[in-house]
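Asks: Let me begin by handing over the structure; questions about it come next.
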Amino acid sequence: MKAWMLTLVSVVVGFGDIDTHFVPEPDDPVIAYARQPTTDPVAVLNREIEAGKVRLRFDGEQGYLRSALDALRVPIESQMVVFSKTSVQAQRINPQNPRTLFFNDSVVIGWVRGGFIEVAAQDPRQGVIFYVLDQTPVEKPQFMRHNDCLTCHNSSNAMNVPGMLVRSQFTAPNGTTMPWLGNYVSDHRSPLSERWGGWYVTGKTGAIRHMGNAVVTNGSNPESPVIDQTLHLASLAGRFDTNAYLSEYSDIVALMVFEHQMHMMNLLTRIGWQTRFLLRNGNAHDIKMNGLGDSAKDLVDYMLFVDEEPLLNKVEGTSGFVEKFSDEGPRDKRGRSLRQFDLEHYLMRYPCSYMIYSEAFEALPSEAKDAVYHRLWLVLSGAVTGAKYARLSRTDRQVVLEILRETKKGLPDYFAGDLTVSP
Ligand code: HEC
């Protein structure tokens, strides 16, 4: 959408509605997605390689993969394995030669045997930036930026900003998807029965059924492949040649955290961009008076796991991801952290996303941060009520506030207030 159309939209429909109409053009001068230099972790690493401060090692069949994970501080325990032909390297991917994804709070790295390394890194201001690293050993390898990835990664499935995608689809034995049988965008709100079509999943799920590890051989009955043998896998050994991979797991907890995080990242990019467009169009006063309407509300609801799909029973991972992830903290004086897991009733122990510590959150325009904090306080303090918020018990809200007060820099002063008192 062109800039003048946005001006028109914001004038005609006002704040509450602009969200659904907001389909920004990444190359609008206010963003300049393709032209503006970025400071995402891959851009930084590229400069360090160029300057000779970091060397990437090229090792065996995985080439630069292990070294790139190390350099970008992405844990191997986060490995997730996709076997559906759903990405830019689709033709190489199938259940015997699946694609692996690894992630931390700002970077996702993809690798498939015989292909190139794909990276999606969230720049604190510019959204997700896409890169390809060729698997050819050279002195100073560089991750090359690819804006053509936006053909899929800037779509309504990624909230109309350059962003992350997480899909679940019924998949045939050769890896081809069968979207007419089931085609879902997954985040922490999705029923588990609709998750992980086309993905391998290792871990225990008790009575919970999911679409992972299953292929559809009988198109007329898509549920038929989900059998006991496709649930509760301890390892992927035997499913494909796991010796050629860095890990034999596609950890269920890593998958659940990934799904939570990818949508959170898109929400953060989106509210930042929306604010920059509004400010350019002279709406600073309106933002101050009205906040950012539904955008701040939606972001805070998601950040507080308000509509999270509850777990029926205990879920257990296999790769050590749980320990790795929760060890990172930060913790308050009593040892509590937003990275602690629950895994019996919900994913996380305390219902507030650790992505509040991310650079993407920190780098939001101050108008956006003010609006988000204001809404966050209204919900955590108990001023916002109603069935939708019943999941957030008084104790949970209290503990989240206590953790934030000790661990989150730059909280507005009114976060020191008592519950049920609004600022
Ligand atoms: C044909 C559509 C398509 C194109 C083009 C595409 N991707 Fe993706 N990509 C996907 C889908 C769909 C997913 C979600 C995971 C899955 O289903 O395989 C994904 C996931 C990813 C992920 C994992 C993070 C996430 O968003 O879930 C990375 C990294 C990634 N793609 C990198 C790239 C890069 C780099 C390019 C360009 C060189 C690219 N992609 C182009 C469809 C595409």
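What follows is calculated from the coordinates using simple rules that are stated; it is not laboratory data. What you see is a predicted model; the values in this text were computed from it and never measured. Cβ: placed from backbone, ideal geometry, glycine included. Neighbour counts: every protein chain shown.
Asks: List the residues, sorted by chain then number, that are 5 or more residues from residue 129 or on another chain and whose placed amide H is less than 5 Å from its amide H.
Replies: 121, 122, 123
Asks: In sequence order, what are the phi-derived ³J(HN,Hα) couplings for region 383-388 according to the Karplus relation 6.51 cos²θ - 1.76 cosθ + 1.60 with θ = phi - 60°, rounded to whole Hz, with x for glycine and proline?
Replies: With coefficients 6.51, -1.76 and 1.60, one gets 5, 8, 10, x, 4, 4 Hz.
Asks: Going by C-beta contacts inside 10 Å, put 409, 388, 369 in order with the fewest on the left.
Replies: Details: 409 6, 388 12, 369 19.
With the fewest neighbours first, 409, 388, 369 line up as 409, 388, 369.
Asks: Roughly how many debye, to the nearest 20, is the charge dipole of region 268-416 about its Cα centre, given +1 on each Lys and Arg Cβ, -1 on each Asp and Glu Cβ, and no other charges?
Replies: On the way: 22 positive and 22 negative charges, 69 e Å.
For region 268-416, the charge dipole is close to 340 debye.
Asks: Using Cα atoms only, what is the angle between the long axis of helix 252-280 and the major principal axis of the chain, expressed in degrees (0 to 90) to the nearest 10?
Replies: The angle comes out near 40 degrees.
Asks: What Kirkwood hydrodynamic radius do you get for region 21-143 when you take the inverse of the mean 1/r over all pairs of distinct Cα atoms, in Å?
Replies: Hydrodynamic radius (Kirkwood, Cα only) of region 21-143 equals 15.5 Å.
Asks: Highest mean first, what order results for 32-42, 291-301 on Cβ atoms within 10 Å?
Replies: Highest-to-lowest ranking by the protection proxy: 291-301, 32-42.
Asks: Could I ask something else about it? Say each of residue 73 and residue 393 gets a label point 7 Å from the Cα, pointing the same way as Cα to Cβ; how far apart are those two points in nm?
Replies: 3.4
Asks: Per-residue HN-Hα couplings for region 38-44, Karplus 6.51 cos²θ - 1.76 cosθ + 1.60 at θ = phi - 60°, whole Hz, x for Gly and Pro?
Replies: For region 38-44, the Karplus-derived couplings read 10, 10, 5, x, 6, 4, 5 Hz, x marking Gly and Pro.
Asks: Can you list the HN-Hα couplings for region 127-137, worked out from phi with the Karplus curve (6.51, -1.76, 1.60; θ = phi - 60°), rounded to whole Hz and with x for Gly and Pro?
Replies: For region 127-137, the Karplus-derived couplings read x, 7, 10, 10, 9, 10, 10, 5, 8, 10, x Hz, x marking Gly and Pro.
Asks: On to the next question. Once amide H atoms are built 1.01 Å from N in the peptide plane, which residues 5 or more positions from residue 341, or in another chain, come under 5 Å H to H?
Replies: 349
Asks: Moving on to the next point. Rounded to the nearest 500, what is the chain's calculated 222 nm mean residue ellipticity when only DSSP H runs of at least 4 contribute -39500 (n - 2.57) each, over all residues?
Replies: It lands at -9000 deg cm²/dmol.
Asks: Which peptide among 355-361, 340-346 comes first, and what is the full order, when sorted by highest mean count of other Cβ atoms within 10 Å?
Replies: 355-361, 340-346
Asks: How big is the convex hull of the Cα atoms of region 334-386, per residue, in Å³?
Replies: 114
Asks: For region 269-337, compute Rh as the Kirkwood radius over C-alpha pairs and then the Stokes-Einstein diffusion coefficient at 20 °C and 1.002 mPa s; write the answer in µm²/s, rounded to an integer.
Replies: Values: Rh = 15.9 Å.
Stokes-Einstein gives a translational diffusion coefficient of 135 µm²/s.
Asks: Expressed as a rounded percentage, what relative contact order does the chain have, with Cα pairs under 8 Å and six or more residues apart? It would help to have the intermediate numbers written out before the result.
Replies: Values: 770 pairs, mean separation 58.9, N = 423.
Dividing the mean separation by the residue count of the chain yields 14 percent.
Asks: How big is the equivalent ellipsoid of the chain along its three axes, where each semi-axis is √(5λ) from the Cα gyration tensor, reported in whole Å from largest to smallest?
Replies: Output for the chain: semi-axes of 34, 27, 22 Å.
Asks: Tell me, how many Å apart are the Cα centres for region 251-277 and for region 342-357?
Replies: What the calculation gives is 14 Å, centre to centre.
Asks: Okay, moving on. What does the net charge come to around residue 333 if you take all other residues with beta carbon closer than 11 Å to its beta carbon, with K and R at +1 and D and E at -1?
Replies: Values: positive: 331, 334, 336, 405; negative: 332, 402, 406.
Every neighbour counted, the sum reads +1.
Asks: At 7 Å along the Cα-to-beta-carbon direction for both residue 218 and residue 140, put a label point, then send me their distance in nm to one decimal.
Replies: Label at residue 218, label at residue 140, 6.0 nm between them.
Asks: With angles folded into 0 to 90 degrees, how steeply does helix 394-407 sit against the dominant principal axis of the chain? Use alpha carbons for both and round to 10.
Replies: In the chain, helix 394-407 runs at an angle near 90 degrees to the longest axis.
Asks: Note the angle between two axes, namely the Cα long axis of helix 293-303 and the longest principal axis of the Cα atoms of the chain, as a number of degrees from 0 to 90, rounded to the nearest 10.
Replies: 50
Asks: Give me the three principal axis extents of region 268-416 from the C-alpha atoms, as integers in angstrom, largest value leading.
Replies: Cα extents, longest axis first: 51, 32, 27 Å.
Asks: Sticking with this one: Apply 1/(1 + (r/R0)^6) to the Cβ-Cβ distance of residue 229 and residue 290, taking R0 = 56 Å, and write down the FRET efficiency to the nearest 0.05. Write out the running numbers ahead of the final one.
Replies: Values: r = 54 Å, r/R0 = 0.97.
Efficiency at R0 = 56 Å is approximately 0.55.
Asks: For the ranges 247-253, 24-30, what's the packing order if you count other beta-carbon atoms within 10 Å of each residue, average per peptide, and put the highest first?
Replies: 247-253, 24-30
Asks: A further question follows. Name the lysines eligible as straight-distance cross-link partners of residue 369: C-alpha to C-alpha under 25 Å, and not fewer than 8 places from it in the same chain.
Replies: 288, 297, 388, 408, 409
Asks: Restricting attention to the alpha-carbon atoms of region 310-363, what are Rg (one decimal) and Dmax (integer), both in Å?
Replies: Both quantities, over Cα of region 310-363: 12.3, 38 Å.
Asks: Let's test this: bin the Cα-Cα distances of region 340-423 at 10 Å from zero up to the farthest pair and state each bin's percent.
Replies: So the P(r) values, bin by bin, are 16, 50, 31, 3.
Asks: Summing +1 for each Lys or Arg and -1 for each Asp or Glu, what net charge is found among the other residues whose Cβ lies under 13 Å from the Cβ of residue 414?
Replies: On the way: positive: 375, 405; negative: 370, 413, 418.
Net local charge, residue 414 excluded: -1.
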